[in-house]
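The values are calculated or read from the model by the stated rules, or taken from the named source; none is laboratory data. Small disclaimer: the values here were computed from a predicted structure and weren't measured. Reconstructed Cβ throughout: ideal geometry from the backbone, glycine too, with neighbour counts over all protein chains shown.
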Amino acid sequence: MCRSIVTLRGADEATNEEVEAAALQFVRKVSGHRTPSRANQAVFERAVAEIADVTRRLLDELITPPGAKPPAMARSRVVARAKRAQAHEPA
């Protein structure tokens, strides 16, 4: 599968931005298009939105058995969150 898609399940809940980014990467990989043509724009965007919705439901409904440790947050998520926080800090 695409290496750009990271594990979203973990101790910290995935943000909507992270879910949408993973959905976009999935659609790009499956369709073979980084940017769709105008003729395919609507179907491309609809696929991203639907996959993001299904992904959010999956993450919301997964149950971690008692005593089980949730997976660690992927390093790429940690780095991306740190960059976002740094960009929003007042100078």
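Residues that are exposed (fewer than 13 other Cβ atoms within 10 Å of the Cβ), within 14 Å of V6 (Cα to Cα) and in contact with a Lys or Arg (Cβ under 8 Å, 6 or more places away or on another chain) do not occur anywhere in the range 74-83.
Listed by first and then second residue, the pairs with beta-carbon distance under 7 Å, at least 6 apart or on different chains, first residue in the range 1-15 and closer than 13 Å to V78 by Cβ and aliphatic (A, V, I, L, M), second at pLDDT below 85 and not in a loop (DSSP other than H, G, I, E, B), are V6/S76; V6/R77.
Within the set A39, A47, the sole residue that is more than 13 Å from the chain's Cα centre (by Cα), exposed (fewer than 14 other Cβ atoms within 10 Å of the Cβ) and either closer than 22 Å to R77 by Cβ or modelled with pLDDT of 95 or more (or both) turns out to be A39. Using the structure shown, decide if V19 is without any contact (Cβ under 8 Å) to a residue 40 or more places away in the chain, in a helix (DSSP H, G or I) and hydrophobic (A, V, I, L, M, F, W, C). Here the answer is no, as V19 does not meet what is asked.
When V6 is tested against (1) part of a helix (DSSP H, G or I); (2) in contact with a helix residue (DSSP H, G or I) (Cβ under 7 Å, 6 or more places away or on another chain), exactly one condition is not met: (1).
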